[in-house]
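One structure is given below, encoded as structure tokens.
The values are calculated or read from the model by the stated rules, or taken from the named source; none is laboratory data. Note that the coordinates shown come from a computational prediction; the quantities given were computed from them, not determined experimentally. Cβ placement follows ideal geometry from the backbone for every residue including glycine, while neighbour counts extend to all protein chains displayed. With ligands, DNA and RNA removed, areas are computed over all heavy atoms of the protein, side chains included. Shrake-Rupley method; radii C 1.70, N 1.55, O 1.52, S 1.80 Å.
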Amino acid sequence: MAVCARLCGVGQSRRCRRRPRQNQQDQASDSDMDDEEEERIVGQRRSDAGCGGPASGVNTAGPSRVHRGGLDRTGHTRPQSLSELPPELLVEIFSLLPGTALPNVALVCKKFRQILNTETIWRRRCMEEFHMKEDLRKMEGGGVSSRDLYAKLLHPYRHILGLWQPDIGPYGGLLNVVVDGSFIIGWMYLPPHDPRVEDPMRRRPLFRIHMGESKKATVECMYGHKGPHKGDIQIVRKDEFSTKCNQTDHHRMPGGRQEEFRTWLEEEWGRTLEEIFHEHMQELILMKFIYTSQYDNCLTYRRIYLPPAMPSDLIGPGLFKGTYGSHGLEIVMLSFHGTSARATKLTGDPNVPAGQLTLDIDLSQPLILPDLEHQRNIEELSRLVLGVHVQVQRQEREGTPATVRVPAGGPCADAAAAKVAEVDHSVGSDGCQPGPSSQSGSSVSQPFVLPLGVMARNEVYPRSCRKCFYGTGLIAGHGFTSPERTPGLFVLFDQDRFGFIWLELKSFSLYIRLSDHLAHAHAPNLERFEAMLRNMQSWTS
């Protein structure tokens, strides 16, 4: 505390001086002091203003020796505290501090408080902490200062930036809260229209926060078709917040619920109900509209993180959009855990809700595909997968460690086994969704074709793959009744695409990576990510 007081020039040590070291050579300087003496503060009062002793800043040990806070060799006075530095230097120093520390700096003294009114300091904090650039100049020209922007908008709502999952029963979702220009906007990410899984994600704004005319942060609900209207945001607790619409009449349409349903259907599915011929799918769509529209954008959100990447991962972990038959397209999170890969639902359906582990892949159980002629035979594929499934179940009952079992799959089994043994060490990058890797991987591609009788929602799938593994997929009845894990085949196509064949359902799901940049989505550590996964499953169980 004494050192801090000496630097700032406040408190009892305002006039402190360092005790001079005696019997030192003329060329010695303060930098010769050892660490112990550097931290020793001696507060001496000046007993005589004209005294030539140590308190006056003159060293009696020699003509060239000066005290800290006295005169240097050129005759200039050395600053004895931060407060004596030139204002322009203080502006530069304060600009380097995190914005959360600046309010405490302002409490030190009146000079610091005045310097912290400098726009340069707050403009730099907005740019470095929230990546704002050209929008700052426009706002300042409109009468909104960078300091007000930081103190009343960015700082108070910094805790809601990042990825969130809304609590919408079994359906879930993916919300990304970002600083977008001069706004903080909550974007709901929607999968492409079924079954175009290769198309980019769609975005819809649910709320926004900005500086109003009164220079206060204003929350607006963006739901509905009548433009922005009054809303509210409440931070419930750490990693959880809720939104509320204060004018739900803005969500209503003149044509009533029928018009609202037609509009929702066009946005959600890109077609009319008459164009959806499957009766069961029509029922599922109508059920989702009735369930989700009752919330009126009054929702609770829980924070989610992107999975951390490790050098040993098969491919870069991240978010993928996948086909789920009559349920349409859903979003899953692929993560790696030792010898297993897991896909967790971020969006769900009445059978298997969001938060559940939809795929569990055993990376210690690779499979060798037969030639194309035998791949077309569903019985041949079932024999290969079920053979491993029986062995894994037996090992789980007996408690014996799993061993790699590669069923014979034709005359080239030995060569194919060598391919499986090669590991692809491609890794994703920072907070972005990893794109195509510069390393194509050492695995040699092999031909791939779906067996006859296996339904594919999107028939445009890769005709070659790198590796295949045994895995299980979660299926359940309506309302998540009688859930069970059934065997299937995990097919790795490349860095950004994989598939899963559900043997019992005779169905194929194709998954393609989200290419969107998702900021503020890093998990602080692996333990926090694992805890999040466990919590996600409990939310919808």
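Residue 473 - would you say it is under 17 Å from residue 352 (Cα atoms), of a type outside the set (Lys, Arg) and surrounded by fewer than 22 Cβ atoms within 10 Å (Cβ to Cβ)? So that I can check it myself, show each step before the final result.
Numbers: under 17 Å from residue 352 (Cα atoms): yes; of a type outside the set (Lys, Arg): yes; surrounded by fewer than 22 Cβ atoms within 10 Å (Cβ to Cβ): no.
No: the conditions fail for residue 473.
What about residue 160, is it in contact with a Phe, Trp or Tyr (Cβ under 9 Å, 6 or more places away or on another chain), of a type in the set (A, V, I, L, M) and modelled with pLDDT under 85? It would help to see each step written out before you state the result.
Details: in contact with a Phe, Trp or Tyr (Cβ under 9 Å, 6 or more places away or on another chain): yes; of a type in the set (A, V, I, L, M): yes; modelled with pLDDT under 85: no.
No: the conditions fail for residue 160.
Out of everything in region 214-246 that is surrounded by 13 or more Cβ atoms within 10 Å (Cβ to Cβ) and of a type in the set (Val, Ile, Thr), what residue ends up being farthest from residue 149 (Cα to Cα)? Break it down stepwise before answering.
Let us first name the residues in region 214-246 that are surrounded by 13 or more Cβ atoms within 10 Å (Cβ to Cβ), namely 215, 217-224, 228-233, 235, 239-246.
This time we only want the ones that are of a type in the set (Val, Ile, Thr), so: 218-219, 233, 235, 243.
Working: 218: 12, 219: 14, 233: 18, 235: 20, 243: 22 Å.
For region 214-246, the residue satisfying everything is 243.
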Of residues in region 247-287 being open to solvent by 80 Å² or more (accessible area, probe 1.4 Å) and either more than 22 Å from residue 330 (Cα to Cα) or part of a loop (DSSP other than H, G, I, E, B) (or both), the one modelled with the lowest pLDDT = 277
Taking region 476-518, which residues are open to solvent by 30 Å² or more (accessible area, probe 1.4 Å), touching a strand residue (DSSP E or B) at 6+ places or on another chain (Cβ under 9 Å) and among the small types (Gly, Ala, Ser)?
-> 482, 515
Selected residue (only one of 315, 290, 331, 304 is at pLDDT 90 or above, over 16 Å from residue 497 (Cβ atoms), buried (at least 22 other Cβ atoms within 10 Å of the Cβ) and among the hydrophobic types (A, V, I, L, M, F, W, C)) = 304
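If you scan region 302-327, which residues turn out to be part of a loop (DSSP other than H, G, I, E, B) and farther than 17 Å from residue 188 by Cα? Step through it out loud before you land on a result.
Within region 302-327, the first condition is being part of a loop (DSSP other than H, G, I, E, B), and the residues that meet it are 305-317, 324.
Those that are part of a loop (DSSP other than H, G, I, E, B) and farther than 17 Å from residue 188 by Cα: 307, 308, 309, 310, 311, 312, 313, 314, 315, 316, 317, 324.
Just checking, how many residues over region 328-350 are assigned to a strand (DSSP E or B) and over 26 Å from residue 478 (Cβ atoms)? Full working, then the answer.
Of all residues in region 328-350, those assigned to a strand (DSSP E or B) come to 329-337, 340-345, 347.
When the remaining residues are screened for being over 26 Å from residue 478 (Cβ atoms), the result is 334-337, 340-341.
The qualifying residues number 6.
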So residue 94 clears everything in (1) surrounded by fewer than 20 Cβ atoms within 10 Å (Cβ to Cβ); (2) assigned to a helix (DSSP H, G or I); (3) free of Cβ contacts under 8 Å to residues at least 60 places away in the same chain except one condition, right? Which one?
-> (1)
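Does residue 481 meet the test of being more than 18 Å from residue 378 (Cα to Cα), out of contact with any helix residue (DSSP H, G or I) (no Cβ under 7 Å at 6 or more places or on another chain) and among the β-branched types (Val, Ile, Thr)? Write out each step before concluding.
Numbers: more than 18 Å from residue 378 (Cα to Cα): yes; out of contact with any helix residue (DSSP H, G or I) (no Cβ under 7 Å at 6 or more places or on another chain): yes; among the β-branched types (Val, Ile, Thr): yes.
For residue 481, the condition - more than 18 Å from residue 378 (Cα to Cα), out of contact with any helix residue (DSSP H, G or I) (no Cβ under 7 Å at 6 or more places or on another chain) and among the β-branched types (Val, Ile, Thr) - is met.
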Look at residue 358 and say whether it is of a type outside the set (Lys, Arg), closer than 25 Å to residue 478 by Cβ and open to solvent by less than 20 Å² (accessible area, probe 1.4 Å).
-> yes
Count - residues of region 159-169 that are surrounded by fewer than 21 Cβ atoms within 10 Å (Cβ to Cβ), outside any helix (DSSP H, G or I) and not acidic (Asp, Glu) = 3
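One line per residue, one yes/no per condition, for (1) among the hydrophobic types (A, V, I, L, M, F, W, C); (2) in a strand (DSSP E or B); (3) at pLDDT below 95; (4) open to solvent by 40 Å² or more (accessible area, probe 1.4 Å):
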residue	(1), (2), (3), (4)
369	yes, no, yes, no
391	no, no, yes, no
403	no, no, yes, yes
406	yes, no, yes, yes
409	no, no, yes, no
416	yes, no, yes, no
419	no, no, yes, yes
423	yes, no, yes, yes
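From the residues in region 97-121 that are of a type in the set (D, E, K, R) and free of Cβ contacts under 8 Å to residues at least 12 places away in the same chain, which one is nearest to residue 145 (Cα to Cα)? Break it down stepwise before answering.
Applying the first criterion (of a type in the set (D, E, K, R)) to region 97-121 yields 110-111, 113, 119.
Pick out the ones that are also free of Cβ contacts under 8 Å to residues at least 12 places away in the same chain and you get 110, 113.
Details: 110: 21, 113: 16 Å.
Ranking the candidates gives 113 first.
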